[in-house]
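The values are calculated or read from the model by the stated rules, or taken from the named source; none is laboratory data. These numbers were taken from a predicted model, which means no experiment stands behind them. Every residue, glycine as well, gets a Cβ built from its backbone with ideal geometry; the counts of neighbours run over all protein chains shown.
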Amino acid sequence: MDGENFTALSGFILLGFSDVPELQTPMFIIFLSLYALLVMGNLLLMLLINTDPQLYKPMYFFLTHLSFMDLCLSSAVIPKALEIFLFETSNISFVGCFAQMHVFLMLVICECFLLGMMAYDRYAAVCQPLRYAALMSRTHCYKMTMLVYATGFITSLVHTVLAGRLAFCQARSINHFFCELPALLHLSCSSTRPNHILQVCSAEFNIVGSIVVILTSYACILYTVLRMPSAGRRLKVFSTCTSHLAAVTIFYVPGLVTYMLPSKARPQDEEKLVSIFYTAVTPLLNPLVYSLRNREVKGALRRLWGRSLFPHVP
């Protein structure tokens, strides 16, 4: 009990990459640059979607929430990480650590389900064109999005409450640049078996479940597209799916590496490198993927640029 009280009062110390001091300054510059770019990219994408009537479609409605989640996920982690890279270590309170872990987990889980819903949207558009307006009405989109946030919040809360019951004794130094669940479990001096079981079950339900939805949707899309007589039409349909497929790939690969492998099968340094990818790189790549590979988004960007240069031209 004394050890638990000690930890609760004094909090934790985030070590970041303190075992490699020469990385601190380069990591600070890299993270600051990535964060500035991803904030601008995601805010610009949300602005485009919410101001251009031609983007008032279900796919872009979900994309707005994807950008919002990416922005919040990075903002929950990177500012504190910058402090670590600047001063080599950083203190974080017990409550702050678990709040950061809860927000991060919630948003990761939400993105899993949101990417699945975006795949379903593509399935409905390609395979059920006559029913698309009914299947993906504004009301249905709002309900599905609320379900995504509720599922992420509740699942993350269960992880956080269960982790909060662990004893951390005198150990306070987290070998990571933020309070990620696996890093916190490494620190506990009590049994973490229930936490690991929940982590694996949750990963299978969230990640594998959403991947099944995505693969099933694209299998149906592929079957429908291959039956189209026109090669030009097939190419046009495929082009509407490439951005989403790219977003799925850059999100799921690091997540599978981090959460599906047993904790003993991967060193903590590898966990930190993978975490950099999906806390900074993925949120930056998503707006780039959707802006560079999507004609409608590029058209909206040109219209916004034109309005800013010639505000009085009708």
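Per the listing Leu235, Leu285, the residue uniquely farther than 26 Å from Leu184 by Cβ, crowded, with 17+ Cβ neighbours inside 10 Å and at pLDDT 75 or above is Leu285. Only one of the numbered conditions (1) of a type in the set (A, V, I, L, M, F, W, C); (2) closer than 28 Å to Ala203 by Cβ; (3) modelled with pLDDT of 85 or more is not met by Leu43, and that is (2). Has the range 87-97 got at least one residue that is within 30 Å of Gly299 (Cα to Cα), among the small types (Gly, Ala, Ser) and surrounded by fewer than 23 Cβ atoms within 10 Å (Cβ to Cβ)? No.
Taking the conditions (1) touching a residue at least 60 places away in the same chain (Cβ under 8 Å); (2) among the aliphatic types (A, V, I, L, M); (3) part of a helix (DSSP H, G or I) in turn, Ala167 satisfies each one other than (3).
Where residues in the range 73-127 are touching a residue at least 60 places away in the same chain (Cβ under 8 Å) and acidic (Asp, Glu), which of them is nearest to Phe153 (Cα to Cα)? The extreme case among them is Glu111.
Collect the residues in the range 176-186 that are over 14 Å from Ile276 (Cβ atoms) and either among the aliphatic types (A, V, I, L, M) or not in a helix (DSSP H, G or I) (or both), keeping them in residue-number order.
Cys179, Leu181, Leu184, Leu185
Of the residues making up the range 187-195, one or more are surrounded by 19 or more Cβ atoms within 10 Å (Cβ to Cβ) and part of a loop (DSSP other than H, G, I, E, B).
Return yes when Ala119 is more than 13 Å from the chain's Cα centre (by Cα), at pLDDT 90 or above and surrounded by 20 or more Cβ atoms within 10 Å (Cβ to Cβ) and no when it is not. When the stated conditions are applied, Ala119 passes them. Of the residues Leu32, Leu63, Leu38, Leu55, the single one that is surrounded by fewer than 23 Cβ atoms within 10 Å (Cβ to Cβ) and either at pLDDT 95 or above or under 22 Å from Asn294 (Cβ atoms) (or both) is Leu55.
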